[in-house]
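**Q** Structure provided below as structure tokens; questions to follow.
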Amino acid sequence: MDYKKKLMQPFYDFPGVNIMNSYKKFYQNHPYLNVLISLSIASLIGIAIEYIINRDFIGSGFYTALFLMLLQLLRVRREQKNLK
């Protein structure tokens with residue numbers, strides 16, 4: 001048992017592991033906020049790419065983003081009900 005802990009110790013010291021652990025805690029504590037933040041960032045990246053490539057802004061994409069956000073929020077709500 002000690003051999004495995006000793007072997008895996010460099011992996012646990014890697015900063016990415018701590019970031020993932022804190023992300024998991026944040027997701028468990030604030031699932032709705034996590035959905036809003038991740039979809040907002042993804043939308044901003046998509047808008048930026050569209051503007052850089054085509055020099056155009058498509059406003060109807062907001063309806064798609066809102067629809068996907070509602071689906072994700074419903075999924076999170078269902079998961080929260082199943083946990084209780």
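**Q** Spin-label point model (7 Å from Cα, Cβ direction): what's the Y63 to I45 distance in nm?
**A** Each label point lies 7 Å from its Cα, and together they span 2.6 nm.
**Q** Given 10 °C and 1.306 mPa s, compute D for region 30-84 with the Stokes-Einstein relation, Rh being the Kirkwood radius over Cα pairs; round to the nearest whole µm²/s.
**A** Values: Rh = 12.4 Å.
Approximately 128 µm²/s, per Stokes-Einstein.
Values in this text are rule-based calculations from the coordinates and carry no lab data. Being a predicted model, the structure only gives us computed values, none of them experimental. Neighbour counts are summed over all protein chains in view; Cβ atoms, including those assigned to glycine, are modelled from backbone coordinates with ideal geometry.
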